[in-house]
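Working notes for the structure below.
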Amino acid sequence: SHSAFIYENKYLYVLGGVDITERKQNDIYRINLNTENPQWEKVNTGDKELEKIAYHAGVLHDDIYYIIGGQDSSLRSSNHIQKFNVKEHTIEEPIIPEETTFPPLEGHTADLNGNSIIIYGGHTNKKYNKNVYCFNFEDGSVTKLTDISDVHEETKPKNKQQLQKQSTNVNEEGKAEGENNEATANNEVDEEDKFPRARQSHCSCIYNNA
């Protein structure tokens, strides 16, 4: 539930996550991988610290590590975009988008794509996110690239057999409506196949910046 990155082909940084006591963390550690006997050291960020966060996503760009969303210490999903200046070891002011523009998320992924970050998946408040969002480094804006309805956890997609069984009813004349239900099941499954099923704790990548 933490995140990690390599800086200057030398240091491994690790931050956030949940520890063995199930508590959220906001500390940052690094280790020099180019020494004979690598040793961990805690990073001092001065007076300002990261928000305690886990199940977030992170991307390194131009000496800034962007920590996107996650679950905070109150078990709430967040849409904050925190910034750790790796070169200066300082925490910069977070970007807090409007929730109508970028919803709180946890268990999502984020990938660098040129001058932006592409964010996908995850969930919040028992609602799974199917959409792709784009965070722009230049102006700090977040744009929704797709428009797909979210899926509530209570109504997770089912396979065709489950849908048929669930939708089997008897009409007023006492006749089973199996044929209609089978068609409904086929349509629902076919609709799901048009895009990835809602998910969290997955992985993603950008290929060839395309």
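Values in this text are rule-based calculations from the coordinates and carry no lab data. If you're wondering where the values come from, they're calculated on a predicted model, not measured in any experiment. Virtual Cβ from ideal backbone geometry, glycine too; neighbours counted across all protein chains shown.
Listed values, structure above:
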item	result
Prolate/oblate/rounded call for region 48-132, Cα gyration tensor, a/c under 1.5 rounded	oblate
Extension gain (nm, one decimal) between GLN200 and THR146, 0.36 nm per residue minus Cα-Cα	17.7 nm
Integer Hz, Karplus 6.51/-1.76/1.60 couplings in order for region 122-129, x for Gly and Pro	x, 8, 7, 6, 6, 10, 8, 8
Per DSSP, loop trypsin sites (Lys or Arg not before Pro) in region 75-126 with at most 16 further Cβ within 10 Å	ARG76, LYS87, LYS126
Net length gained if the chain between ASN34 and ILE6 were fully extended (0.36 nm per residue, minus Cα distance)	8.9 nm
Lysine-lysine proximity count for region 1-140, Cα under 19 Å, sequence distance 8 or more or distinct chains	12
